[in-house]
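**Q** The structure that follows is given in the form of structure tokens.
What follows draws every value from the coordinates through simple rules; no lab data is involved. Keep in mind the model is a prediction, meaning the values are calculated, not measured. Don't worry about glycine lacking a Cβ; one is built from the backbone with ideal geometry, like all the others, and counts go over all protein chains shown.
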Amino acid sequence: MPHDALTDEARANFFRTRSASEILANLDTVLVGDRVTLGEMVDALGEAGIGLTILMLALPSFIPVPGLPTGVVFGTALAILSLQIMTGADRLLLPEWLRRRSLPRGPVVIGAAWVAPWFRRIEWLLRPRLRILSSRLAQFILAVPIFVHAVMILLPIPLGNQLPALAVIVFAFGLIERDGLAVLIGWLLTVIAIAWNTTIVLFGAELSILLYRWSTAIWDKL
């Protein structure tokens, strides 16, 4: 239908011409219906650039959406995106089963509006600098840590989603604003996130061994 085509075009223009904070603050104007599918979101972001696509996929893992396994859905989408960036793709193509996954509109809009002012403050600090760190070549390199973060988001690690998602968000801002300093901060957060999740996994393993030995000792005394 022509009306649908115009709506799709207007939605694409919205994502293409606004800043990240403006998009988040006004998502209610482009997301219609009670639920929005991941495919619809990705299609709307198609012409907006890799950086904004990365940002919108990482955000739900940083601010969980009730009723949706954000780690599985968006971790998988980020992993697919990072692999496609490595092959030179400039937009994300998702398998149909993932495109059909939907999010409740209400929590997405409310969460985006809540975080938009914080992002607006960050945007004031960003400017084009150290552009080699946000260049096309840099995207290929950044695809590696983004893939690592996507895997960490996918794994059921307690308190393990926020730091990887934050690192990906900072990478995304660096790419959107061509700010190499933000990319460097993203690398620092990457190291911290890997160290944090490694510590949690090792601590969990040690705790499991300790509990096993403790329960075995009690069983032997019975």
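**Q** So what J values fall out for region 173-190 if you push phi through Karplus, 6.51 cos²θ - 1.76 cosθ + 1.60 with θ = phi - 60°, rounded to Hz, Gly and Pro as x?
**A** 4, x, 6, 5, 9, 6, 9, x, 5, 4, 4, 4, 5, x, 5, 4, 5, 4
**Q** Which residues' amide hydrogens lie under 5 Å from the amide hydrogen of I63, considering only partners 5 or more residues apart or on another chain, with H built in the peptide plane?
**A** Here nothing satisfies the definition.
**Q** I would also like to ask the following. Taking amide H atoms as placed 1.01 Å from N in the peptide plane, list the residues 5 or more away in sequence, or in a different chain, whose amide H sits under 5 Å from that of T37.
**A** Residues meeting the amide H criterion: L103.
**Q** I would also like to ask the following. Quick one: order R120, R131, R178 by neighbouring beta-carbon count within 10 Å, fewest to most.
**A** Ordered from fewest to most neighbouring Cβ atoms within 10 Å, R120, R131, R178 come out as R131, R120, R178.
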